Amino acid sequence: MNTGVVSRRFAKALLAYAKEEGQEDKVYEEVRTLAAHFVEVPGLRHAIENPVLEKSKKVELLCEASGGKTVSKVLTRFFNLVLEERREKFLQFMTWSYIDLYQEDKNILIGKLTTAASSPKLVEHLQKLAAERTHGKVILEEKVDKNLIGGYVIELAGYRLDASVANQLKRVKQQFITKNRRIV
């Protein structure tokens, strides 16, 4: 069976159940925490997929990785369902699918902003501007790259805007090269 299909179905079911219980925001944060732990602690996935480990211990481990004692009953029940259906090897993909579905449902766009120097005011301004244009919430992950010299590069929803000094210098250089070809 296809990993993406299984993961997406389980994630859709989790989102529907969480919405029904009014817990989708809490579950979203817990799932993001779990997804981060899957990346940071590769042994977590191996432990969850270990057939020797008891189901109750796996649920305990997953709850701890999702936020500890305050994990919602919705997510705990979901873990039990996944383990009963023997789909634990898809759990990491289910977390990613849930995050995508939640962001799509809440109209949240995640983008990347690369600047020459850190600028929280620029991040805030661009988030606000993009949110007005997209009619949703925009979260920009900032990255600093000194090679840009100045300006910024923003990537959001499949679009890329390069307003960096390095790009402008490159375009000016290309214009000189093209102009000089015609002269010679």
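The values are calculated or read from the model by the stated rules, or taken from the named source; none is laboratory data. Being a predicted model, the structure only gives us computed values, none of them experimental. We place every Cβ from the backbone using ideal geometry, glycine too, and count neighbours over all the protein chains shown. With ligands, DNA and RNA removed, areas are computed over all heavy atoms of the protein, side chains included. Shrake-Rupley method; radii C 1.70, N 1.55, O 1.52, S 1.80 Å.
Which number in (1) within 30 Å of Arg8 (Cα to Cα); (2) polar (S, T, N, Q); (3) open to solvent by 20 Å² or more (accessible area, probe 1.4 Å) marks the one condition that Thr178 misses?
Condition (1) is where Thr178 drops out.
Please find, within segment 148-159, the residue that is farthest from Gln103 (Cα to Cα) out of those that are under 21 Å from the mean Cα position of the chain (by Cα) and assigned to a strand (DSSP E or B). Walk me through how you get there before you give the answer.
Initial filter on segment 148-159 (under 21 Å from the mean Cα position of the chain (by Cα)): 153-159.
Checking which are assigned to a strand (DSSP E or B) leaves us with 153-156, 159.
Working: Val153: 23, Ile154: 19, Glu155: 17, Leu156: 14, Tyr159: 18 Å.
Top of the filtered list is Val153.
Just for segment 160-183: of the residues that are of a type in the set (S, T, N, Q) and over 26 Å from the mean Cα position of the chain (by Cα), which one is modelled with the lowest pLDDT?
Filtering segment 160-183 for residues of a type in the set (S, T, N, Q) gives 164, 167-168, 174-175, 178, 180.
Then drop every residue that is not over 26 Å from the mean Cα position of the chain (by Cα), which leaves 167-168, 174-175, 178, 180.
Numbers: Asn167: 93, Gln168: 93, Gln174: 92, Gln175: 90, Thr178: 87, Asn180: 83.
Checking each candidate, the answer is Asn180.
Anything in segment 148-159 that is at pLDDT below 95 and open to solvent by 60 Å² or more (accessible area, probe 1.4 Å)? List them, or say none.
Ile149, Ala157, Gly158, Tyr159
Could you list, in sequence order, all residues of segment 100-112 that are in contact with a strand residue (DSSP E or B) (Cβ under 8 Å, 6 or more places away or on another chain) and open to solvent by 40 Å² or more (accessible area, probe 1.4 Å)?
Keep residues of segment 100-112 that are in contact with a strand residue (DSSP E or B) (Cβ under 8 Å, 6 or more places away or on another chain), which gives 102-103, 106-112.
Correct list: Lys106, Asn107, Leu109, Ile110, Lys112.
Output the helices (runs of 4 or more DSSP H) that fall wholly within segment 38-135 and possess 3 or more residues being in contact with an Asp or Glu (Cβ under 7 Å, 6 or more places away or on another chain) and modelled with pLDDT of 95 or more, or say none.
73-84
Which count do you get for residues in segment 113-147 that are over 28 Å from Tyr102 (Cα atoms), among the charged types (D, E, K, R) and either open to solvent by 60 Å² or more (accessible area, probe 1.4 Å) or more than 22 Å from the chain's Cα centre (by Cα) (or both)?
Of the residues in segment 113-147, the ones over 28 Å from Tyr102 (Cα atoms) are 115-119, 144-147.
With among the charged types (D, E, K, R) added as a condition, the list becomes 145-146.
After this cut, where a residue has to be either open to solvent by 60 Å² or more (accessible area, probe 1.4 Å) or more than 22 Å from the chain's Cα centre (by Cα) (or both) as well, the list is 146.
Count: 1.
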